[in-house]
1. Looking at L11, L43, L6 in this structure, which one is surrounded by 19 or more Cβ atoms within 10 Å (Cβ to Cβ), part of a helix (DSSP H, G or I) and hydrophobic (A, V, I, L, M, F, W, C)?
2. Residues of the stretch 16-40 being surrounded by 14 or more Cβ atoms within 10 Å (Cβ to Cβ), over 15 Å from the mean Cα position of the chain (by Cα) and not in a helix (DSSP H, G or I), which ones?
3. Anything in the stretch 48-71 that is assigned to a helix (DSSP H, G or I) and among the β-branched types (V, I, T)? List them, or say none.
4. What do you reckon, is L11 touching a His at 6+ places or on another chain (Cβ under 9 Å) and closer than 23 Å to D204 by Cβ?
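Each value in this text was obtained by applying a stated rule to the coordinates, not by laboratory testing. All of these numbers come straight from a predicted model, not from anything done at the bench. Note: ideal-geometry Cβ built from the backbone for every residue, glycine included; neighbour counts use all protein chains shown.
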Amino acid sequence: MDRHPLFFTYLWIAPHVFQVALAVMMFRRKLVREFPAFFVYTLFEVVQFGVLYAMNRTAAISGQQYTAAWLVGGAGSIALRFAVVHEIFSRVFRSYPALKDFGELLFRWATAVLLMVAVVLVAWASGSETDRLTMAYTVVGRAVSIMQGGLLVLLILLSRFLSFPWRSYVFGIALGVGFFASVELGVSAIRSHVGLGISREFFDMVTMATYHCCVLFWIVTLLLPQQETARVTSVPDHNLDHWNHALQRLLNQ
């Protein structure tokens, strides 16, 4: 970080300052009840940043203590990102109860699987406790990022059939989290080929700059008036009502 200390510091601080503004705006526009998980995630990121920044500036805090706090905060962030995915999915399919129930069933199984993977990695991976926790954090974090990216692709593919407007709060939030998750996955894939030490500063700043842009995008999205989502009643060749009724029968068995 020695070559661009000011720019790196800006990318570290600025998104969380904007997230404070985002949280205030959501509260004033009464969007907290509509997106409680996203609101809590926003506040959590601000608090996590404040704690890590203070620890980073305190000489008495060791590197091991900072890493432990970073892992705890990262685990909380992953859990809330997962909750945001669930919240977006539920709002998109709220007019289709069976599809919504089926999605919630999948999310429960996904939660159980992710927890099992984390426990197995911590228990059986080699290295120190910090190394095992870091590995579990990385694997579970990537899994959640894949889910976020997949949700974005799903919304784009279904936007036509759901009469789902692009200029809506749900789509704006999904676009931000999905785009950041996609960039994060891409950076992780490139790092696995070039090595962690090569161009680490560049990759860190790419990820941080992407998050900065996503926070600004969320602010703009929630400032603009959204289009109302009309419930689909007839969709040629891709009848979601038919899927909904079929899944309803399956879930009732």
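1. On the way: L43 fails: surrounded by 19 or more Cβ atoms within 10 Å (Cβ to Cβ); L6 fails: surrounded by 19 or more Cβ atoms within 10 Å (Cβ to Cβ).
Every option except L11 fails the conditions.
2. Once the filter is applied, which keeps residues that are surrounded by 14 or more Cβ atoms within 10 Å (Cβ to Cβ), over 15 Å from the mean Cα position of the chain (by Cα) and not in a helix (DSSP H, G or I), the stretch 16-40 yields L31, V32, E34.
3. Answer for the stretch 48-71, where residues must be assigned to a helix (DSSP H, G or I) and among the β-branched types (V, I, T): V51, T67.
4. Considered against the rule, which asks whether it is touching a His at 6+ places or on another chain (Cβ under 9 Å) and closer than 23 Å to D204 by Cβ, L11 comes out as yes.
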